[in-house]
1. Scan the stretch 157-181 residue by residue and report those that are part of a helix (DSSP H, G or I), without any contact (Cβ under 8 Å) to a residue 60 or more places away in the chain and either under 15 Å from residue 109 (Cβ atoms) or touching a strand residue (DSSP E or B) at 6+ places or on another chain (Cβ under 9 Å) (or both).
2. Can you tell which of 57, 61 is over 21 Å from residue 26 (Cβ atoms) and part of a helix (DSSP H, G or I)?
3. Within the stretch 123-141, how many residues turn out to be modelled with pLDDT under 90 and surrounded by 11 or more Cβ atoms within 10 Å (Cβ to Cβ)?
4. Which one is farthest from the chain's Cα centre (by Cα), of the residues in the stretch 141-156 that are farther than 16 Å from residue 83 by Cβ and part of a helix (DSSP H, G or I)?
5. Any idea which residue in the stretch 31-66 is surrounded by the fewest Cβ atoms within 10 Å (Cβ to Cβ), counting only those that are touching a residue at least 60 places away in the same chain (Cβ under 8 Å) and closer than 15 Å to residue 15 by Cα?
6. Please state which of the following conditions residue 8 fails to meet, knowing it meets all the rest: (1) under 22 Å from residue 107 (Cβ atoms); (2) more than 19 Å from the chain's Cα centre (by Cα); (3) assigned to a loop (DSSP other than H, G, I, E, B).
7. Looking at the stretch 27-40, can you tell me whether even one residue there is modelled with pLDDT of 90 or more and under 14 Å from the mean Cα position of the chain (by Cα)?
8. Quick one: which of 84, 70 is out of contact with any strand residue (DSSP E or B) (no Cβ under 9 Å at 6 or more places or on another chain), touching a residue at least 12 places away in the same chain (Cβ under 8 Å) and closer than 30 Å to residue 186 by Cβ?
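The values are calculated or read from the model by the stated rules, or taken from the named source; none is laboratory data. Small disclaimer: the values here were computed from a predicted structure and weren't measured. Here the Cβ positions follow ideal geometry from the backbone for every residue, glycine too, while neighbour counts run over all protein chains shown.
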């Protein structure tokens, strides 16, 4: 007789459900069904809405998980501080960001409209949810701290450099961009270090 599986604690069930959704979204390019989520999470289908109040609550939890950085700000800054100079830090930061931005963007494209529909159905105000605003604020803070490490090599404030880096990395995976994106980590690094113009095309006062 096959032994019965040990029941999951409530937080384990919640984590299993949340962790199952994003990979399915990336694999299929759509929101998975509750049956697909249950199979991937190793739970009964009916468990999903015993853990989450409704679809909106599930989407909210999944997007929060997708947007959560894989490391702390201190860990990221510590890694960047161990690297020699702005150019190396930029390249490593772009390489680390590329795969994550691709995953976040693909998941957001599928899930955000569904979340807005769910929020509208509950009568919630339109606009980005608070956790999304907070995630963007936290990202800008992390990036600014990284660029502060190279402040003596910058012609702009670290906050400006952080905003430019974020814009390029997010833009690399926007809808309609060629695939693969021409904004590779190497290209992003070169653009941020050298700009768009050839050195011989700069006018006096541009430097």
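1. First, pick out the residues of the stretch 157-181 that are part of a helix (DSSP H, G or I): 158-171.
With the extra rule that they be without any contact (Cβ under 8 Å) to a residue 60 or more places away in the chain, the set shrinks to 158-164, 166-168, 171.
Of everything in the stretch 157-181, just one residue is part of a helix (DSSP H, G or I), without any contact (Cβ under 8 Å) to a residue 60 or more places away in the chain and either under 15 Å from residue 109 (Cβ atoms) or touching a strand residue (DSSP E or B) at 6+ places or on another chain (Cβ under 9 Å) (or both), namely 171.
2. That would be 57, the only listed residue that is over 21 Å from residue 26 (Cβ atoms) and part of a helix (DSSP H, G or I).
3. Residues flagged as modelled with pLDDT under 90 and surrounded by 11 or more Cβ atoms within 10 Å (Cβ to Cβ) within the stretch 123-141 amount to 9.
4. Taking the candidates together, the pick is 144.
5. Among those residues, the one meeting the criterion is 64.
6. Exception for residue 8: condition (1).
7. No, because not a single residue in the stretch 27-40 is modelled with pLDDT of 90 or more and under 14 Å from the mean Cα position of the chain (by Cα).
8. Working: 84 fails: touching a residue at least 12 places away in the same chain (Cβ under 8 Å).
Within the list 84, 70, the selection yields 70.
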